[in-house]
Every structure is written in structure tokens, then in C-alpha cells.
């Protein structure tokens, strides 16, 4: 007999798959010196001032954090040139996506998102009894016409992860504007920009370009990737005050912890230093892409801190062989492998091992 009465919706869910840890790969294959390039983490630790601020704040963790993170909301509002009532905070950008699903999805509602994309989206949608509608990518990028065509009277939300995970491709703000003109104003459109800092300035800024004209747009971002605070779990969203007020109601009490808030505030004080580390990642991304192209790989244009190799049926074989050699990447069976941009030495290991593995496989 089963223990408890698990909701049928939950019974049918596939659990979210995090990237495998390097230590787990070492144990699985009896190897040493494995590197993890499976979770799109920043390979560099936070800048020293951020580390110092977090360490100092740790002496006060016997007290609860500010549930609403008012200081951080105010700082973000000033930085982004919006009103503080337009800022929401959450346990990473995925926490904010969960809040949006809790707020806007009833059982049977249809949620449109291109696929493949961020693997947590279907978990959150199906948890609420939502029905995923998943227009396929074209050349590893969003088909915005298909997204618009998929929206109907049953649609309550559209989610666009741009740059997209796992393909790295991105959509320009102008294309999102065209989509907004084709769908009802009561459909929430989430623009999830977890990798925005790696995308450059040539894609437009949905906060500046869209929010003033479209009250149904939510832009979510995170401190996890570019700012090197993945372990602290803190993200933010910018939206109409009515949306912020609604999703604040389902913010888990104190889930934006004290150290996360302090780390994010310290990061905003160190943007120039953080940009130097972002630039290191971008330089390495360009080097890795050039090496892959020179070796004959076809790689989608990436605007994120990872590259995607669409190798189809070879995915699991190549991914496993890389892992046996101590290079832990993220395979998407039957489709391709996603490789995080690491340090120069880590990237050299990726390139050399790929070159050795792929030729025997033909």
C-alpha cells in the first residue's frame, strides 16, 4: 500500500534533473580530477567584497531575513530605473517562475512555451495541473509565429527563456513586441533572462522596451549565473505592480534568505569587478566556438555561458565517454549535449577530449 495519497498530477511528474556533480562522476567511474560543466555555473568565485559581506552577515543567521527584501527591491529599482513596486524577489528566477505558476495557473489552463527549453518549466506547469503547449524550435531557435498561433482562449501564460536553455539562442525584443501584439492582454508573458548578462546589448531590453506598453509582461533575472551566486538562490522580476502584488502573496516565507540578500546587494556595489569576470567567460566562449567551428562542428549561435552540440543519437554515448574522462556535461538524450563555458584549462579538456572521442564514433 502506498504511503499517503499522492496527487495524481505529482505521481505523473518527471522530477527535475540537476547537473551531475563532479564528485559523483568520480565515484561512478573510479576517476579523479573530474570537472563539472553541467549546470551553467560561473566558473569563478564571487568577487572578494561580496564574499566578505556574506561572511559578515553569517553571524546574524540566527534571525530571520527580511521576508520582502525591501532594501534589495529598492536598490534594484534604482539600478533598473523602475518603481520599487515593480520589483519582486524570489528564490532564484525559478522560484519566481514557481510563484507565477501558483498565481496564474488553474487546472486545465494551457501554458505555451517553446521546446526544448528550461527543464523546470514543465515540472512547475504540470504541478499546477496546467497543460503544456510546446511549439518546436526551428534551427534550435524559437518559432515566434508558432508561439503566437498556439495561444488561444485557454492560454493563461507564455514563457520565453531567452537566451534559451539548452540551445543558447536568443530572441530580440522586437520579436517579443510583435508577439504581444498578436495575443490577448490578459495572457501573462514571462521573459526569463537568466543568462542576459552574457547576451550583450544588441537584443534590446524588455524592461525598457516593453513594460511601459504591455502590463502583462514579466521579466525575470537572476544572480545565479553571471554574478556567481548560484548557491545562494536569489533572483528578481520586474513587472506591473499588480502582478508583483499578486505573486508576493505566494512567496514562501523567508525563502529569500539573509545571506542571499546581502550577497546580491554587495554584487550591485561591485558591478565593474563582476563585469571583468563576465568578460573572461565571453572571451573563452568565443575561443571555444572558434575551435569547434574549426573542427567542423555545427553549433547554434549562443548568447549564454554555454555551447550546445546537436549530435542526436550519439548524445548519450558521447556524454558518457566525456564523463568517464572526467568532463561532466549535460546530455539531452536523442538531441545534444550542453557544455558550460569553464576556465581556460577546463575548456581545453573539453576540446581535446571531444576531438579524441568523436572520430572513433564517426
Theoretical gain in end-to-end length, residue 71 to residue 250 [0.36 nm per residue, Cα-Cα removed]:
62.5 nm
Sorted on mean Cβ neighbours within 10 Å (highest first), peptides 283-289, 220-226 come out as 220-226, 283-289
Below 8 Å between Cα atoms, with a sequence gap of 6+, how large is the relative contact order for region 298-337 in percent?
42 percent
Can you compute the FRET efficiency between residue 83 and residue 26 using 1/(1 + (r/R0)^6), with r the Cβ-Cβ distance and R0 = 35 Å? Round to the nearest 0.05.
0.10
Once both label points are put 7 Å beyond Cα along the C-beta direction, the residue 15-residue 149 separation in nm becomes 3.8 nm
In the list (i) 22.0; (ii) 23.2; (iii) 21.4, the entry giving Kirkwood radius over Cα pairs in Å computed from the coordinates is (iii)
Run the quick spin-label model on residue 51 and residue 317: label points 7 Å from Cα toward the beta carbon, then report their separation in nm to one decimal.
4.3 nm
Take each of the peptides 28-36, 58-66, 348-356, 263-271, average the number of other beta-carbon atoms within 10 Å over its residues, and list them starting from the highest.
263-271, 348-356, 28-36, 58-66
What is the gain in length, in nm to one decimal, between residue 283 and residue 58 on full extension, counting 0.36 nm per residue of separation less the C-alpha to C-alpha distance?
77.6 nm
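Readers should treat all values here as calculations from the given coordinates under stated rules, not as data from a laboratory. None of these values were measured; they are calculated from a predicted model. Note that each Cβ is placed from the backbone with ideal geometry, even for glycine, and that neighbours are counted across all protein chains shown.
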